[in-house]
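So the structure is just underneath, and the comments pick up after that.
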Amino acid sequence: MKQWIKAASLSLVILSSSMYANAAEAAQKVGYVATGQAMAQLAKRYNVAEKLRGEFKDRIDELRGIESRMKTKVDKMKRDGELMSSSDRTKLQREMASLESNYKLKAKALQEDQRRRGAEEEQKLVQKIRKAIQDVAKREGYDIILDANAVLHASPKDDLSSKVISAVK
């Protein structure tokens, strides 16, 4: 009989502790953040697009200069092509081809560099947002923070987007 009472007591302790654990899990505080909106607002705040434009301004101006020279040569070919000697026409066509290949090479390199630098700046913002989310979650006592895109329905009081944006340093 003593063993039966011990087993029943042990079962009761295990059952009550598992019920307590389930109740503790149900009491978790969950919030959400619109990270896309936060990224857009912070990119605007930090003038990321303007910063990148300034960084690549010289190379963009160089490409515009090449475009202008190409347009001048095309116009010359249209206007004077029939009156030119074959050697002058060939020379002009080679210059145009050279300018075009130079333009394509420089444009491709510029696009790759802009994409790379844009990704670097975006990664910096993501790290800042992540840190701000962790700080806000800790300060406000949230156990879980989700992206707003993953939330189908939630109370607006659990939207931490504005708090996270203001917490980014």
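Worth a mention:
So that you can scan it fast, the table gives a plain yes or no per residue for (1) among the small types (Gly, Ala, Ser); (2) more than 30 Å from Gly141 (Cβ to Cβ); (3) in a loop (DSSP other than H, G, I, E, B):
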{"position": "Asp61", "(1), (2), (3)": "no, yes, no"}
{"position": "Leu83", "(1), (2), (3)": "no, yes, yes"}
{"position": "Gln93", "(1), (2), (3)": "no, yes, no"}
{"position": "Ser98", "(1), (2), (3)": "yes, yes, no"}
{"position": "Asn102", "(1), (2), (3)": "no, yes, no"}
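- Test result for Gly118, within 30 Å of Asp147 (Cβ to Cβ), part of a helix (DSSP H, G or I) and either out of contact with any Phe, Trp or Tyr (no Cβ under 8 Å at 6 or more places or on another chain) or touching a residue at least 40 places away in the same chain (Cβ under 8 Å) (or both): yes
- Residue in the range 31-43 that is of a type in the set (Phe, Trp, Tyr), farther than 30 Å from Lys104 by Cβ, outside any helix (DSSP H, G or I) and at pLDDT 90 or above present: yes
- For Leu52: the one exception among (1) at pLDDT 90 or above; (2) not in a helix (DSSP H, G or I); (3) not hydroxyl-bearing (Ser, Thr, Tyr): (2)
- If only residues of the range 130-169 that are of a type in the set (Val, Ile, Thr) and in a helix (DSSP H, G or I) are counted, the one that is surrounded by the most Cβ atoms within 10 Å (Cβ to Cβ) is Val164.
- Verdict on Lys124 being in a helix (DSSP H, G or I) and among the basic types (Lys, Arg): yes
The values are calculated or read from the model by the stated rules, or taken from the named source; none is laboratory data. Note that the structure is a prediction, hence the values are computed from the model and not measured. A quick note on method: Cβ atoms are made from the backbone with ideal geometry, for glycine too, and the neighbour counts reach across all protein chains shown.
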